[in-house]
1. For the range B:286-308, give me each residue that is in contact (Cβ under 8 Å) with a residue 40 or more places away in the chain and either touching a strand residue (DSSP E or B) at 6+ places or on another chain (Cβ under 9 Å) or closer than 26 Å to B:F238 by Cβ (or both).
2. Can you tell me which residue in the range B:303-326 is farthest from the other protein chains (Cβ to nearest Cβ), limited to those that are over 16 Å from B:N270 (Cα atoms) and exposed (fewer than 15 other Cβ atoms within 10 Å of the Cβ)?
3. Could you name every one of the helices (runs of 4 or more DSSP H) located completely within the range B:249-351 that has at least 3 residues being over 20 Å from the mean Cα position of the chain (by Cα)?
4. Taking B:P237 as the residue in question, decide whether it is assigned to a loop (DSSP other than H, G, I, E, B) and of a type outside the set (S, T, N, Q).
5. Scan the range B:148-180 for residues that are out of contact with any Phe, Trp or Tyr (no Cβ under 9 Å at 6 or more places or on another chain) and of a type in the set (G, A, S) and jot them down.
6. Among the numbered conditions (1) without any contact (Cβ under 8 Å) to a residue 12 or more places away in the chain; (2) surrounded by 12 or more Cβ atoms within 10 Å (Cβ to Cβ); (3) basic (K, R), tell me where A:K175 comes up short.
7. Considering only residues of the range B:255-296 that are polar (S, T, N, Q) and at pLDDT 85 or above, which is nearest to B:A106 (Cα to Cα)?
8. Within the range B:82-179, considering only helices (runs of 4 or more DSSP H) that don't extend past its boundaries, which have at least 3 residues that are within 16 Å of the chain's Cα centre (by Cα) and within 30 Å of B:I344 (Cβ to Cβ)?
Amino acid sequence: MKRYFTDIFESISSILGGMGITLVHLFRARNDNVTLQYPEEKWPRPERNIGFDHSNYNVIRSRLHVDMDDCIGCLKCERACPVDCIKIVTEKAPARGEDIKAIKHKGITAKGTRKALVVTRFDIDMSECCYCNLCVYPCPEECIYMTGGPNAKKHPIDYEFSEPDRSDLIYRFAKKGTKDGLEKINAEQETGA
Amino acid sequence: MTVDFLFDFLSELLSDLIGSGPVLIISMLIPCLMLFGFITIYALIVIYAELKVSSFIQDKVGPMGQGVGLHAGKWGLLQPIADALKLLLKEDIIPSSADRPLFILAPFMIFIGAFISFVALPFGESIIVADLNIGLFYILGVGSIAVLSLILAGWSSNNKWSLYGGMRSAAQIVSYEIPAGLSLIVVIMLAGTLNMQDIIRYQMGGMFSWILFDNPFVPIAFVVYFISAIAETNRTPFDLPESESELVAGFATEYSGMRYAFFFLSEYANMFVVSAVAAACFLGGWHSPISGFMDSPAWGVFWMISKTFFLIFIMIWLRWTLPRLRVDQLMNVCWKVFLPVALINIFGVAIWTVVFNQ
């Protein structure tokens with residue numbers, strides 16, 4: 001008989017104890033959960049050291065980026081590329097070193113070089129890129145670089161290439177409408193002349 | 001919201017046009033459609049609550065999303081709607097060796113069993129579809145239709161898992177109706193009526209007039225009723241009829257699409273019914289916990305619904321706390337613990353009433 005009542009008491013107290021534990025977890029879920037809302041939140045990049053100073057050597061070669069305002073269209077990166085994944089097309093600018101506002105073309109680079117060419121196409125196919133970093137060194141204007149690392153101030157790191165279509169991995173850096181805009185300007189100049 | 005009130009109102013407007021027969025049918029259909037809409041919206045809310053509460057208890061975040069179209073909306077708010085749409089659009093399969101008419105009948109019967117209990121549930125001082133003078137008895141009675149439909153589903157599926165599930169549910173619901181009924185007798189003894197509205201009117205005047213705090217025996221009756229009610233709705237820790245790990249899905253193994261949705265919906269509707277009965281019988285129904293504070297008829301609906309939802313939350317909370325009972329443990333608890341306790345409770349309440357309340 002005593003056993004009967006102790007059983008009832010024990011089951012009630014253990015159920016209440018279990019409910020207490022689950023209630024604590026219910027209200028602390030925000031702190032305790034480890035789920036990362038992936039596309040919005042990302043895990044921090046692990047710190048690592050492979051014998052190079054991180055400030056001058058890009059340990060993580062994540063993705064190529066081009067600052068088009070500084071590109072002079074010298075084709076050195078295209079020639080350096082061992083897999084030919086960079087495609088550049090240039091046209092002669094109407095006047096050397098002058099801005100063209102209609103196509104958002106800047107005449108003078110950050111290093112002070114006066115541009116003679118307008119880059120109408122600058123495509124990098126990142127699905128072909130072998131991340132050798134060879135295109136970065138010849139650039140006279142230092143406008144093509146791998147994102148992140150020492151360049152994190154210029155462009156944040158971006159190593160997640162998930163696209164619905166493979167052709168979306170071709171990054172088109174030339175400003176939209178450059179080619180059409182330039183043709184229009186040239187045509188206007190011809191009729192004017 | 002009674003049928004009579006609607007009938008009088010509509011016959012003044014329409015009886016010249018269509019006669020009193022169709023008016024009666026319309027005035028009966030309107031409350032039914034309103035109840036159906038209420039059950040559907042309520043089920044969506046509780047499915048979302050169950051997903052979120054279960055996730056938080058397990059230190060997860062549950063359904064999450066960043067926008068319509070992407071994932072499941074802000075905080076996964078669209079998840080229950082997506083679930084409902086998925087169930088409605090899925091292929092409806094009837095096994096070739098199933099007993100076809102009974103197989104089709106079972107989901108409708110279980111939903112009807114849950115649905116007609118709503119007719120006698122009081123949502124407010126005058127908001128009740130049918131104010132029956134045997135309201136509590138009626139709700140307990142139609143609750144048993146669930147047993148019949150679960151056995152039908154188990155038998156007609158022609159599947160061993162389903163049959164086991166049906167048999168288990170029959171044994172479980174028939175057993176647990178006895179302690180549930182016996183603990184509601186305590187309420188009937190105190191209120192002296194079976195009418196749901198009169199039981200609630202008996203508890204007028206603040207929190208300490210509720211039947212729950214009437215005498216020290218009633219809280220025990222409340223606990224016995226609440227646990228028996230969880231067993232009657234086939235929820236964990238008493239979900240033996242549909243235990244996933246042993247019986248695949250029990251009586252619902254062969255059901256898919258719309259028919260499965262009906263089983264799902266009626267489980268949640270039954271949860272509401274038993275919680276609303278507990279709220280009305282023990283927690284003062286549509287009365288405010290503090291006498292005179294937000295105690296108008298409109299607030300009555302709020303109090304009734306919030307008390308019911310609190311009890312539903314406790315059900316969800318229990319579900320994600322406790323593991324499933326074994327079959328012999330289930331029967332042990334019912335016949336060896338709840339039944340004697342409920343009987344002693346009736347005796348104790350009777351003595352207490354005679355000695356102290358005269």
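The values are calculated or read from the model by the stated rules, or taken from the named source; none is laboratory data. Since the structure is predicted, the reported quantities are computational estimates derived from the model, not experimental observations. Counting neighbours? That spans all protein chains shown, and the Cβs are built from the backbone with ideal geometry, glycine included.
1. Within the range B:286-308, B:M304, B:I305 meet the criteria.
2. Across the range B:303-326, the extreme among qualifying residues is B:S306.
3. Numbers: elements: B:257-282, B:297-319, B:327-332.
Passing ranges, in order: B:297-319, B:327-332.
4. Details: assigned to a loop (DSSP other than H, G, I, E, B): yes; of a type outside the set (S, T, N, Q): yes.
In short, yes.
5. Residues satisfying the conditions are B:A170, B:A171.
6. Exception for A:K175: condition (1).
7. Taking the range B:255-296 and keeping what is polar (S, T, N, Q), we get B:256, B:266, B:270, B:275, B:288, B:291, B:296.
Filter once more, so that each one left must be at pLDDT 85 or above: B:266, B:270, B:275.
Values: B:S266: 12, B:N270: 16, B:S275: 24 Å.
Among residues in the range B:255-296 that are polar (S, T, N, Q) and at pLDDT 85 or above, the one nearest to B:A106 (Cα to Cα) is B:S266.
8. On the way: elements: B:100-118, B:135-143, B:145-156.
Correct list: B:135-143.
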